[in-house]
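Participant: Please read through the structure below; I'll follow up with questions.
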Amino acid sequence: MSILVVWASPNQDGLTSAAKDNILKGLSEAGGEAEALHLNKRDIRCCRACGNGWGLCRSEGRCVINDDFSEDYQRLVSAEAIVWITPVYWHDLAENLKAFLDRLRRCETRRNHFLKGKKSLLVACAGGTGRGAIQCLDRLEDTLGHMDIVAVDRLPIIRFNREYMLPALLGAGRAFAAHIGQTASEEGV
């Protein structure tokens, strides 16, 4: 099974990166073929709201902007499941993840529906007080819900729970991979 781990953080050694590493390790331990997609290393621009608010995203299910979005969108379509990991900024998703999801939502909801029913695991990593982690997860799930992407679990990681939640992410990765593998075998995939 192929699982794409989409993560956004400028810090290669911060809390979000540690969460990504533990999820990847857990997925791998359960036999999942996991690949990380680091949005901070990708050229993803903001939606232009072409034409009178909708461009080719509505009529053809693709974006006119020439950047890495189309390639990354195809990676999502090809994956059997997706893990979304974001730092929490002002009780919300990382800006580059929001930009990516804005464009993805326009292609998916109005035209393609390639990601409909795809299962996902949501992780929000908050520094500071950690109070924004739950709001961030809610916003992420709401955005994914517009595309009928199914959230299997939601995991808030904050400074207070870091010591026990980071190891728990190994188990979450293993459980998610097992769930996706079981679902695929039940569906005869």
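The values are calculated or read from the model by the stated rules, or taken from the named source; none is laboratory data. What you see is a predicted model, and the numbers here were worked out from it, not measured in a lab. Every residue, glycine among them, receives a Cβ derived from its backbone with ideal geometry; neighbour counts consider all protein chains shown. All accessible areas refer to the heavy atoms of the entire protein, side chains included, with ligands and DNA or RNA removed. Shrake-Rupley method; radii C 1.70, N 1.55, O 1.52, S 1.80 Å.
Participant: Return a yes/no flag: does the stretch 146-162 have any residue that is in a helix (DSSP H, G or I) and surrounded by fewer than 20 Cβ atoms within 10 Å (Cβ to Cβ).
Facilitator: yes
Participant: Then there's this: Suppose we filter the stretch 1-26 for residues that are more than 15 Å from the chain's Cα centre (by Cα) and either farther than 18 Å from TYR164 by Cα or not in a helix (DSSP H, G or I) (or both); how many remain? Walk me through it before giving the result.
Facilitator: Let us first name the residues in the stretch 1-26 that are more than 15 Å from the chain's Cα centre (by Cα), namely 1, 10-15, 18, 22, 25-26.
Still in the list and also either farther than 18 Å from TYR164 by Cα or not in a helix (DSSP H, G or I) (or both): 1, 10-14.
Of the residues in the stretch 1-26, 6 are more than 15 Å from the chain's Cα centre (by Cα) and either farther than 18 Å from TYR164 by Cα or not in a helix (DSSP H, G or I) (or both).
Participant: Report, ordered by the first and then the second residue, all pairs with beta carbons closer than 6 Å, sequence separation of six or more or different chains, a first member in the stretch 5-24 that is farther than 10 Å from ILE85 by Cα, and a second member that is open to solvent by 30 Å² or more (accessible area, probe 1.4 Å).
Facilitator: Pairs that qualify, where the first residue is farther than 10 Å from ILE85 by Cα and the partner is open to solvent by 30 Å² or more (accessible area, probe 1.4 Å), are PRO10/ASN40; ASN22/LEU170; LEU24/ALA34.
Participant: I need a count of the residues in the stretch 1-52 that are of a type in the set (A, V, I, L, M, F, W, C) and open to solvent by less than 20 Å² (accessible area, probe 1.4 Å).
Facilitator: Going through the stretch 1-52 one residue at a time, the tally reaches 11.
Participant: Sticking with this structure for a sec: Restricting to the stretch 53-88, name every residue that is over 27 Å from ALA34 (Cβ atoms), open to solvent by less than 20 Å² (accessible area, probe 1.4 Å) and in a helix (DSSP H, G or I).
Facilitator: Listed by number, the list holds a single entry, CYS57.
Participant: Tell me whether the stretch 60-70 contains one or more residues that are hydroxyl-bearing (Ser, Thr, Tyr) and touching a helix residue (DSSP H, G or I) at 6+ places or on another chain (Cβ under 6 Å).
Facilitator: No, the stretch 60-70 contains no residue that is hydroxyl-bearing (Ser, Thr, Tyr) and touching a helix residue (DSSP H, G or I) at 6+ places or on another chain (Cβ under 6 Å).
Participant: Let me ask something additional. Do you know which of the residues in the stretch 27-50 that are among the basic types (Lys, Arg) and not in a helix (DSSP H, G or I) is farthest from PRO167 (Cα to Cα)?
Facilitator: ARG48
Participant: Residues THR129, THR143: which one is β-branched (Val, Ile, Thr) and within 20 Å of ALA81 (Cα to Cα)?
Facilitator: From the options THR129, THR143, the qualifying one is THR143.
Participant: Only residues that are more than 18 Å from ARG162 (Cβ to Cβ), without any contact (Cβ under 8 Å) to a residue 40 or more places away in the chain and buried (at least 19 other Cβ atoms within 10 Å of the Cβ): list them for the stretch 119-141, please.
Facilitator: The answer is SER120, and nothing else.
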